[in-house]
1. Based on the Cβ-Cβ distance of L100 and D77, what FRET efficiency does E = 1/(1 + (r/R0)^6) give at R0 = 41 Å, to the nearest 0.05?
2. Which of the listed residues, S102, G137, M122, is farthest toward the dipole's positive end in the range 86-143, when Lys, Arg count +1 and Asp, Glu count -1 at the beta-carbon?
3. May I ask you to derive the FRET efficiency for E131 and S63 from their Cβ-Cβ distance with R0 = 25 Å, giving the value to the nearest 0.05?
4. Dividing the alpha-carbon Rg of the range 37-147 by 2.2 N^0.38 Å yields what?
5. Determine the gain in length on full extension of the stretch T115-E42; use 0.36 nm per residue of separation and subtract their C-alpha separation, reporting nm with one decimal.
6. Just subtract the alpha-carbon distance of T84 and A142 from 0.36 nm times their residue separation and send over the number in nm, one decimal.
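Every number in this text was worked out from the coordinates using simple rules, so none of it is lab data. Every value quoted in this text rests on a predicted model; they were computed, and no experiment measured them. Here the Cβ positions follow ideal geometry from the backbone for every residue, glycine too, while neighbour counts run over all protein chains shown.
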Amino acid sequence: MAPPPEEFLNKSSGRRCAIAAIALLSLVSCRGPATTDSDMIELQRVRSNGVDVVLLSNDGTLSHGKDTFTVEFRRGDQLVDVGTVKAGATMPMAGLPDMLGSVFLEPGDAPGRYTAETDLSMSGGWQLKLEWDGSAGRGTAAFDVTLD
């Protein structure tokens, strides 16, 4: 005896949903990491101790307040694992001490790539400073950036 039409539709719909979910997961997993350097826009590049330090963002800008961007360390086209990286941000203030901003770095999706989260309270000119120490040597880099 055949199942009632409602039961048939529920089983058929469930199978279709499962097949669609598997197909979607397959497409996403074949695409690779969600964030790659080719998805980003280069903002600035500084060379220090044989390493290019590159600032990248999704939209080509850095903004005041909370923002996120990517820092890469490269030799030629290759990412370089530089070890421990520290960062800081200051804004020169005429007649006053420099304003300090928060910069937190987390290792990214590949060695040599870091995600930076900032909280820089004012728009205008800031200096971002990076220091690293590891198997690729020691180095520092400074970027003068203007925030929207």
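1. The formula returns an efficiency of 0.70 here.
2. Result: G137, furthest along the dipole toward the positive end.
3. Numbers: r = 24 Å, r/R0 = 0.96.
The computed FRET efficiency comes out at 0.55.
4. The value comes to 1.03.
5. Gain on extension, T115 to E42, equals 24.9 nm.
6. 19.2 nm
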